[in-house]
Structures are given as C-alpha cells and as structure tokens.
Amino acid sequence: MIKASGLTKAFRTHSTEVLAVDCAHVEVKPGEFVLILGRSGSGKSTFLGMLAGLIRPTTGSVRIEGIEISNLSEDNIAELRAKKIGFVFQFSGLIPTLTALENVMLPTLFYKNGPGSRISAVELLRKVGMSEREDAYPRTLSSGEMKRVAIARALINKPALLIADEPTGDLDVDTEYEIMELFSLLNKEGMTIIMVTHNPDLVKYATRTYGMHKGKIQQNIGTVSFRKDQRE
C-alpha cells in the first residue's frame, strides 16, 4: 500500500537546520490500522504530510501502491491524492456556508468522473450516524458531529487509504471513543488507516503502532488487534 524509506525533512531557521523528521522508515500493508504515537513537536504531523504528498521530503522515498510520488508533478500528486487518499484532520475544516451534505460532496468537484455522488454522500452520512443532519450547517453541529461529517467527506471518493492527523485531539473523551469506534469499523470493513496521535489510550484500536520522538521513528512498538467484542 505505502512504503516510506529514509524520509528526512529539514527546516532551516536563520543559520540553524532543524530535522523535523530524521531518516524514518514505515511500511503499511492494505487493511492495516497503523498508529503513530508521539508528543507534540515530535515530527509526526510532518511525517504524515510527507506520506500523503502534502510535504516534499528533503531526502527519502515514498511509494503509494508502487508509485514513487517524489517523481510526480504537483498536479499529478494532487490527482493521486484525490483518487487514493482521504484526509481527516484535528479540526474538521467544514465550509460554514455549505450544509453537511454539500460539505461531504465537496471533494467530488476535484475528481472528475470519480465515484462520489449525491447518493454516495447521503449513504456516507447515514454510515457515520448523521443521516438526520444532512441539511444542517456547521454552526449548528457539535464538534463530534462536525468530525463525523469530515470523515464522510474523506470517504466520498472511495479512497484506498485514510490518513488522520490528531482527529480526536479537540474532542471530549466520550466523543473520542465514538470516533475511534467508527475508525475501527471502517478498518474492519477493509479500509487502510494511518493515524497520528499523542494519546497512548488509542493504541488499542490499531493493528500496529509506531512511536515517534524528536523526528525518529521507533519501529513497531506494539502489535495489538482490537475489536469491539474484545473490550473489557
């Protein structure tokens, strides 16, 4: 599915060079739920951005389904993202002047002849428990409801990979649990997920976990298979 080799990202501030990510290696197979665990400032969001083609690495390689994305033009990378990757971020990023349904349909504008449609959007809102709020505007939704709409939006083009950057960081404990249960369901249905978080309590949802500290990846710190019927 996705393989990163020797990824490094350096930022220069005045006369100092800072390594946000330092020679990181990760391989994610189809159907895995991979969690990258690290504190704020550890480099995990930068690493995730490179995996998704949002940030160009200083050195290293990223292959998505065998395609070396560093060799692609910006237009071709954008097309690959539109077709193969769904994104969920800490803040939902919904357009305030669009309804929940319209927000879910928004990515279809950037993927001509893609699989997304109004019917698909309605079905996705049902899947994430928002079927009764499809005409609601973001200002009338709770944080958890907005996150559910954002997840539906990430899935509208039927991506092979879902990338989530601190998707529960702004949620209360109960809502965090609901969103993680939703991710777990999507993974059980075959969705490949890569997620970064600072919360070690979420490790139980992943099939594999990496740690990240000061830009370095700690390989496979835990292999935990978690499903709803295994909870205590």
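Kindly indicate whether any position in the stretch 209-216 is touching a helix residue (DSSP H, G or I) at 6+ places or on another chain (Cβ under 8 Å), at pLDDT 90 or above, under 28 Å from Ala24 (Cα atoms) and in a helix (DSSP H, G or I). Taking every residue of the stretch 209-216 in turn, none turns out to be touching a helix residue (DSSP H, G or I) at 6+ places or on another chain (Cβ under 8 Å), at pLDDT 90 or above, under 28 Å from Ala24 (Cα atoms) and in a helix (DSSP H, G or I).
Is there a residue in the stretch 79-100 that is over 30 Å from Gly215 (Cβ atoms), out of contact with any Leu (no Cβ under 7 Å at 6 or more places or on another chain), modelled with pLDDT of 90 or more and outside any loop (DSSP other than H, G, I, E, B)? No, that holds for no residue. Taking the listed residues Glu32, Glu17, Glu79, the one that is touching a strand residue (DSSP E or B) at 6+ places or on another chain (Cβ under 7 Å), surrounded by 14 or more Cβ atoms within 10 Å (Cβ to Cβ) and not basic (Lys, Arg) is Glu32, with no other qualifying. The set of residues from the stretch 114-130 being small (Gly, Ala, Ser) and either surrounded by 15 or more Cβ atoms within 10 Å (Cβ to Cβ) or modelled with pLDDT under 90 (or both) comprises Gly114, Gly116, Ser117, Ser120, Ala121.
In the stretch 174-193, the residue that is modelled with the lowest pLDDT out of those that are out of contact with any helix residue (DSSP H, G or I) (no Cβ under 9 Å at 6 or more places or on another chain) and outside any loop (DSSP other than H, G, I, E, B) is Tyr177. In the stretch 140-160 there is at least one residue matching the filter, namely being of a type outside the set (A, V, I, L, M, F, W, C), buried (at least 20 other Cβ atoms within 10 Å of the Cβ) and under 22 Å from Val26 (Cα atoms).
Among residues that are of a type in the set (Asp, Glu) and touching a helix residue (DSSP H, G or I) at 6+ places or on another chain (Cβ under 8 Å), Glu166 is included. The C-beta contact set for the stretch 61-72 (first residue outside any strand (DSSP E or B), second residue surrounded by 12 or more Cβ atoms within 10 Å (Cβ to Cβ), distance under 6 angstrom, 6+ apart or interchain) comprises Ile69/Gly53; Ile69/Val62; Ile69/Ile77.
Report whether or not Ser225 is modelled with pLDDT of 90 or more, surrounded by fewer than 22 Cβ atoms within 10 Å (Cβ to Cβ), farther than 28 Å from Ala10 by Cβ and not charged (D, E, K, R). No.
Within the stretch 131-148, does at least one residue satisfy the condition of being within 14 Å of the chain's Cα centre (by Cα) and of a type outside the set (Gly, Ala, Ser)? Yes: one or more hits.
The values are calculated or read from the model by the stated rules, or taken from the named source; none is laboratory data. These numbers come from a predicted model, not from an experiment. A quick note on method: Cβ atoms are made from the backbone with ideal geometry, for glycine too, and the neighbour counts reach across all protein chains shown.
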